[in-house]
Every structure is written in C-alpha cells, then in structure tokens.
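The values are calculated or read from the model by the stated rules, or taken from the named source; none is laboratory data. Predicted, not measured: the structure shown is a model, and the values here were computed from it. Cβ placement follows ideal geometry from the backbone for every residue including glycine, while neighbour counts extend to all protein chains displayed.
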Amino acid sequence: MKRKITLKHIARELDVSISTVSKALKNSEEISRDTKEKVQAFARLYNYKPNNIAISLKNKRTKNIGVIVPDIVHHFFTTVFRGIEKYANAKGYNVIVCVSDESFDKEVINMEMLANGSIDGFIMALSAETQRKNDFNHLREVTEQGIPLVLFDRVTDEIRCDQVIIDDRAAARDATLRLIDNGRRRIALFTTETYLNVSAKREDGYRQALEERGIPVREELILRLPYQYEEENLSGVFFRDQEFDAVLCVNEIFAVRAMRLAQQQGLRIPEDISFIGFTDGLLSRYSAPTLTTVAQHGEQMGEAAAKMLIDKVEQEYDETDARSYRTRVIPTTLIERESTAL
C-alpha cells in the first residue's frame, strides 16, 4: 500500500520547491515541460490527491479556525491573535494557530496541514518570504476550493478575499508631519526591504509628508534593515556618518534599538533627536525613554478578522462576486511619549 504523500514529500524527493510542485501539478506555463512531467509522474506513482477541502467544508462545519502568523514573538501579532481568539471563542469556535516564521515553505505546509477538513477557514498575515517571492498560488488554491480566507496587516491584491488593515501610508504621513511640526527637518526613516507591503506604504507616507512641507527627501537618510532583525544589523555607524534630528521607524524593535544607539553617541532624546515607531507594544511602554508610537490596535484588528471570517462561514455567499469581499480599515492612534515630548 502506497503511503499518503503531500506537496512537501514530492518537493523533498525531487529536490524542488513546494511552489514548483504545486504549479507543475496545475500545468503552469512557468514550469518547464520536463519538470512538469517528472512531478506529475511521481504524483501518479504515489497516488497523490489534493486535500478534499471543499467537500468537507460543504458537508459540515468543524467550528475550528486556522490562523497563520509570521511571528508569534512580535507583540503586534500576539495582540491580533488575542482578538481573534476572544471573538471566535465567544461564537463557539476554536482557534488553531501556526507560525510561518517568515518562511514561504512553512506557510504552504501549514496551510496544507490545516486544509484537510479540520478547519472552516483561514485568517493569516503573509510571511516576508511569500511577499518577496510574490507567489500566492497556495492562497489561490484555497479560495478556489471555496474556503473563506481573511488576510490581515500583510495582504496582497492578487487574491480576492476579505482584508483587515490599517492605512499605513496615512499613519506614517501623520507621524512624520508631527515630527515636522515639532521643528524637525532632517528626518531619517528606518525601514525594511520594500517588498514588505506595509513597509513600502509607510515609506510612501514618510515621503509624502516631507514633500507636502517642502522638505527634500534625502535618500541617504533612509536605512533599510533586514526584516529578521538581529543586533548587528543596526550599528552606531549610521548615527556617526549622517546628520539628522528625528527618526521614523516602521516597528518598535528598530526604534528601541536606535534610541539606545543614539544615547551611546551622546545624543539626548528628545532634545537632540526624536523617535516615533509603530506597534505600541511592551517595548514602547517600558523603554527608556518611553517611545512615541503609532498604535495599530491589533486586538481590534483580530476581532474584525474573526467576525469577517465567521460571517462568511455561517452565511451563504457567492465567492465569484467581487462585491462579497470587504476591506476593513482599522483607525490608528499616535500615542505620544517621552521620545518626542519636549
């Protein structure tokens, strides 16, 4: 009797990526003929069959929700999960959480593992590697089989589904304008690679604010750091080589580390240099000085995502109708603390 195999098994045996296997099985033009034939022959040999998700979901509800987050340590994702679980539990649903660890392969594996009839739908934020690859085939497969999907925070317009986001561009613009209104003119931006959609939008907002006030955008004041931040990624060299009086950071980890480096350079916060970050987690509240942040209200975002998903699960809807998909924008709040208060 042949063992039951998954996309992961085929990819490992043939030494190709999970994405390649998935596309080969769908006869994608992106995959060479030889590779498609090899993958399809292997799949036939071991009687590979996709998860029969649609049938399972149409026949019964499991009262389980699958949640996939890129990083469970990050305070923001923790609060979103808290909001999801709070709302779901109140509606009689259980929540199964998986962590992609910013990996495309882990994201695909987690979806495959959960999408076997054990859940009624997905709530997820895209991993950094998924956004870098710009490969959303695994999400498309899920939605095409009729499984409700809600994306939050890190989203893509390539997939038709419900979304819960903040207006990252407007939030960064407002934060930058606040720094300008406080008399700052040389404002640096500490961000990540631009393929992360939230970082790209926050950079747009930063640039927009400077242009609105007639302040030139200085490319040398934009520091791009790896999304998987490590201590050595941010050093005091930038502070020694560049002249600036404020920093907008796309997350609180960048901001808290940058404040410490500024202090090591003898700079006073906020007299010499001001800082604003995103998230408003524990680091922001207990750093020294405390950090002014853009609160994303993760718990509210999680509750909204859970409500949207459960509404889809419990109501009849036409997944081919674009009007059935909604985007909920959660308002942000700029919380001022010691890092900007003169």
Taking first residues from segment 36-47 that are more than 10 Å from A24 (Cβ to Cβ) and second residues anywhere that are outside any helix (DSSP H, G or I), the pairs with Cβ under 6 Å that are 6 or more apart or on different chains are Y46/K2; Y46/I5; N47/K2
In the set L248, L234, L225, the lone residue that is over 21 Å from the mean Cα position of the chain (by Cα), aliphatic (A, V, I, L, M) and surrounded by 15 or more Cβ atoms within 10 Å (Cβ to Cβ) is L234
Of the conditions (1) over 19 Å from Q163 (Cβ atoms); (2) crowded, with 18+ Cβ neighbours inside 10 Å; (3) not acidic (D, E), the single one that A304 does not satisfy is (1)
Screening V97, V16 for residues that are at pLDDT 85 or above, over 30 Å from V164 (Cβ atoms), surrounded by 13 or more Cβ atoms within 10 Å (Cβ to Cβ) and not acidic (D, E) leaves only V16
Among helices (runs of 4 or more DSSP H) entirely within segment 228-318, at least 2 residues that are more than 28 Å from V142 (Cβ to Cβ) occur in 237-241, 252-264, 282-286
Any residue in segment 145-153 that is of a type in the set (S, T, N, Q) and either at pLDDT 95 or above or touching a strand residue (DSSP E or B) at 6+ places or on another chain (Cβ under 7 Å) (or both)?
no
Quick count over segment 176-213, residues being under 17 Å from T292 (Cα atoms) and either assigned to a helix (DSSP H, G or I) or assigned by TED's automatic domain parsing to the domain that holds E303 (or both), is 8
Subset of segment 3-49, residues closer than 22 Å to N116 by Cβ, assigned to a loop (DSSP other than H, G, I, E, B) and not aromatic (F, W, Y), comes to R3, K4, I5, T6, S17, K26, N47, K49
Scanning segment 125-136 residue by residue, those surrounded by 24 or more Cβ atoms within 10 Å (Cβ to Cβ) and either charged (D, E, K, R) or over 8 Å from the mean Cα position of the chain (by Cα) (or both) turn out to be T130, Q131
Only one of (1) modelled with pLDDT under 95; (2) surrounded by fewer than 19 Cβ atoms within 10 Å (Cβ to Cβ); (3) assigned to a loop (DSSP other than H, G, I, E, B) does not apply to P216, and that is (1)
Residue set Q242, Q264, Q300; condition of a type outside the set (A, V, I, L, M) and within 17 Å of the chain's Cα centre (by Cα); output residue Q300
- Query: If you go through segment 34-42 one residue at a time, do you hit one that is exposed (fewer than 13 other Cβ atoms within 10 Å of the Cβ), more than 20 Å from E107 (Cα to Cα) and either assigned by TED's automatic domain parsing to the domain that holds S103 or among the basic types (K, R) (or both)?
  - Reply: no
Scanning segment 122-175 residue by residue, the ones that are part of a loop (DSSP other than H, G, I, E, B) and either among the hydrophobic types (A, V, I, L, M, F, W, C) or touching a residue at least 60 places away in the same chain (Cβ under 8 Å) (or both) total 17
